[in-house]
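Below you'll find the structure, written out as structure tokens, and then a few comments.
The values are calculated or read from the model by the stated rules, or taken from the named source; none is laboratory data. Keep in mind that what you see is a predicted model, and the values were worked out from it rather than measured. For neighbour counting, all protein chains shown are included, and Cβ atoms are generated from backbone atoms with ideal geometry for every residue, glycine included.
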Amino acid sequence: MDSSPIFVPGSLQNAAILTVILAFAGYLVTFMSTRMMARRADRLRLVNQRLNKFYGPLYVATVAGNIAYRSLLQKQGKTHCHPIRDEEIKEWVLWMTAIFMPLNDIRERIIIENAHLIIEEEMPQCLLDFVTHVVGYKALLSKWAEGDYSERRSMIGWPPEFDLYVERSYQALKAEQTRLLHNAASRAWRRLTGRKSSQN
């Protein structure tokens with residue numbers, strides 16, 4: 001008597017269980033992969049927003065301001081703007097009103113209007129100090145407009161950490177943006193397509 005049919009239901013049951021396990025594993029892999037891609041897409045959106053609306057414009061305006069400042073110092077043969085001598089006051093006021101303050105206004109507006117995009121949980125002190133510095137110059141420019149040049153610089157000094165903070169934050173976000181855009185899958189795809197094109 002052949003006993004093999006007795007084991008068929010057990011084999012079918014094992015096959016059914018294995019099919020369910022494989023299907024569940026496939027679903028789990030797909031779910032986790034989709035979730036990871038969604039998180040990466042969300043992170044990339046936030047990084048792009050921070051670069052486009054906050055750190056990118058802040059960085060460009062800061063670099064432009066530094067170039068202009070160094071150009072003025074070079075023209076005057078100085079290493080620091082202070083002290084501002086009597087014979088330099090006319091040129092200092094011109095550069096301050098036509099170049100430096102417009103760039104300061106741009107940076108102040110970026111910080112105030114897009115503060116929600118800062119990387120840190122709390123507002124960095126150097127950004128607050130920068131805004132205060134600009135406010136000090138606004139008061140000074142009002143005095144200059146009335147012909148009072150007794151004060152030549154803002155009473156609130158330039159925050160020394162500001163430039164370094166802007167540069168480091170911008171570079172860190174650019175690096176993260178590059179990493180998110182060029183993940184392992186896209187690198188593998190580029191290698192694959194590169195190999196194909198080299199064979200043609």
Could you tell me whether the range 168-179 includes any residue that is under 17 Å from L58 (Cβ atoms), surrounded by 12 or more Cβ atoms within 10 Å (Cβ to Cβ) and touching a His at 6+ places or on another chain (Cβ under 8 Å)?
no
Subset of the range 153-167, residues without any contact (Cβ under 8 Å) to a residue 24 or more places away in the chain and either touching a strand residue (DSSP E or B) at 6+ places or on another chain (Cβ under 7 Å) or buried (at least 17 other Cβ atoms within 10 Å of the Cβ) (or both), comes to S154
Inside the range 112-134, the number of residues satisfying the requirement of being out of contact with any Lys or Arg (no Cβ under 9 Å at 6 or more places or on another chain) and either more than 17 Å from P160 (Cα to Cα) or among the acidic types (D, E) (or both) is 7
Regarding the range 90-99, can at least one residue be identified that is more than 31 Å from the chain's Cα centre (by Cα) and touching a residue at least 40 places away in the same chain (Cβ under 8 Å)?
yes
Result of the Cβ filter at 8 Å on the range 120-149, keeping first residues that are at negative phi and partners that are of a type in the set (S, T, Y) and part of a helix (DSSP H, G or I), at least 6 apart or interchain, is P124/Y165; C126/Y165; L127/Y165; L141/T97; W144/T97
**OP:** Would you check if E167 is among the charged types (D, E, K, R), modelled with pLDDT of 95 or more and in a helix (DSSP H, G or I)?
**Re:** yes
